Amino acid sequence: MDNQLNSNILDLYRTLGNNTPLSYKGPIDDHILQVIGTYIGGLLKHSPKAGKKVFKIFIELAQNISYYSAERSKLSNNKDIGTGMVLISEQAEYYTFMTGNLVKTDDIITIIEKSEVINSLDREELRQYKREQRKLPPGKKGGAHIGLIQVALTSSNPLDIEVNPVDDEHSFFSIAVKIDK
Amino acid sequence: MENIHIEGKHGVNFIPTVDFNAETGVCELAGESYLEDTIEFYTPLYDWLKQYTTEVKKPLVFNFRLRYFNTSSSKCIIDILNILKRYETAGGDVTVNWYYDAEEEDIEDELEEIEDFMIETNIKINLVPN
């Protein structure tokens with residue numbers, strides 16, 4: 001047995017703690033979307049308003065990973081699917097929804113800039129920004145930004161973005177969003 | 001011209017129910033839309049609407065009964081509304097109804113979204129509580 005790996009998984013389990021009702025790392029395809037989506041629906045039955053928001057935010061951010069993650073997995077049907085992490089943590093007053101995935105470092109500046117723009121706008125400005133972005137012809141990365149705008153609108157809270165370089169070409173991009181109960 | 005009927009699924013593919021009727025001119029989009037390949041799904045619907053509005057040219061009623069849609073589907077809704085707006089501008093008789101559940105928890109968000117659709121496409125959408 002690889003004792004190092006076993007103690008790593010214990011560390012991970014303790015890090016996640018009791019207030020993380022869901023954590024997932026792996027490819028995010030339609031099946032995973034459905035399974036986690038259904039799970040969120042059940043988990044949050046006691047706070048329907050927050051529950052629906054968590055669900056909407058989950059769909060947008062998970063689909064972003066599925067389309068844009070720089071780490072890809074080939075599934076049995078030969079489909080090329082983005083891989084990443086999805087976490088939900090629960091506090092007394094709010095949920096935090098988090099995702100993390102690898103992004104090409106060349107693409108990261110755009111994502112950070114867009115996120116800063118999103119965080120600097122009030123609700124009316126955000127809506128206008130979404131309408132403007134939606135009008136643009138679909139570009140490869142365009143969809144992700146509208147998803148982020150929608151996440152900010154749905155949560156009514158700023159996007160907490162962090163970027164950590166992992167090698168010469170890639171960075172780990174993580175986003176955490178608070179959803180008030 | 002053929003009718004379109006697609007049964008919605010909320011299993012693995014999250015596709016809305018589609019009912020486009022060429023005889024009555026009533027079109028419905030219902031359920032959930034957060035599928036992965038929105039273009040592939042929605043293109044035949046655009047084609048149908050373009051054919052109806054340029055060849056059949058009878059009154060058209062479009063009923064939205066969507067409970068949930070993702071941002072990529074919202075772009076497709078905009079595309080549909082733009083086709084309807086063009087028909088209206090060309091003299092076509094168009095009614096757009098959006099049915100919503102007034103009891104829904106996040107109803108303000110949904111109404112805001114529909115208002116954005118109206119601002120973006122310049123077409124009137126009647127809000128109809130269920």
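A few comments on the model shown:
- Heavy-atom SASA rank of B:PHE62, A:PHE55 (probe 1.4 Å, accessible area, largest first): A:PHE55, B:PHE62
- Local electrostatic count, B:TYR34, Cβ distance below 12 Å [Lys/Arg +1, Asp/Glu -1]: -2
- Note that the protein assembly as shown presents 50 Å² accessible area per residue, ligands and nucleic acids not counted, probe 1.4 Å.
- Relative contact order computed over the stretch B:10-109 (Cα-Cα under 8 Å; 6+ residues apart), in percent: 28 percent
- The mean sequence separation of alpha-carbon pairs under 8 Å and at least six residues apart, normalised by the residue count of chain A, gives a relative contact order of 24 percent.
- Along its principal axes, the protein assembly as shown has C-alpha extents of 73, 42, 35 angstrom, given from the largest down.
- Environment charge of A:SER66, counting only residues whose C-beta is closer than 9 Å and scoring Lys/Arg +1, Asp/Glu -1: -3
- Helical contribution to [θ] at 222 nm, DSSP H n ≥ 4, -39,500 (n - 2.57), averaged over chain A, rounded to 500: -16500 deg cm²/dmol
- Alpha-carbon Rg/Rh ratio, for chain B, with Rh computed the Kirkwood way: 0.94
- Summed buried accessible surface, chains B and A, 1.4 Å probe, nearest 100 Å²: 2700 Å²
- Shown for the protein assembly as shown: the carbon plus sulfur share of the solvent-accessible area, taken with all protein chains present and a 1.4 angstrom probe, equals 52%.
- Using the Cβ-Cβ distance between B:ASN82 and A:ARG14 with R0 set to 41 Å, the FRET efficiency from 1/(1 + (r/R0)^6) comes to roughly 0.15.
- Taking N as its residue count, the alpha carbon Rg of the stretch A:97-181 over 2.2 N^0.38 Å: 1.10
- When the residues A:GLU162, B:GLU2, A:GLU71 are ordered by accessible surface, computed with a 1.4 Å probe over the protein chains alone, the sequence from largest down reads B:GLU2, A:GLU162, A:GLU71.
- List A:LYS130, A:LYS104, ordered by accessible area with a 1.4 Å probe, largest first: A:LYS104, A:LYS130
- Here the gap between B:LYS58 and B:ASN122, fully extended at 0.36 nm per residue and compared with their Cα-Cα distance, gives a gain of 20.9 nm.
- Taking every DSSP helix (H) stretch of at least 4 residues in chain B, weighting each as -39,500 (n - 2.57) and dividing the sum by the residue count yields a mean residue ellipticity at 222 nm of -12000 deg cm²/dmol.
- Nearest-10 value in Å² for the accessible area of A:SER73, using the 1.4 Å probe: 30 Å²
- Cα-based equivalent ellipsoid of chain A: semi-axis lengths in Å, sorted from largest, via gyration tensor: 26, 22, 16
The values are calculated or read from the model by the stated rules, or taken from the named source; none is laboratory data. The structure displayed is predicted, hence computed values, not measured ones. Every residue, glycine as well, gets a Cβ built from its backbone with ideal geometry; the counts of neighbours run over all protein chains shown. What goes into the accessible areas is simple: the full protein's heavy atoms, side chains included, and nothing from ligands, DNA or RNA. Shrake-Rupley method; radii C 1.70, N 1.55, O 1.52, S 1.80 Å.
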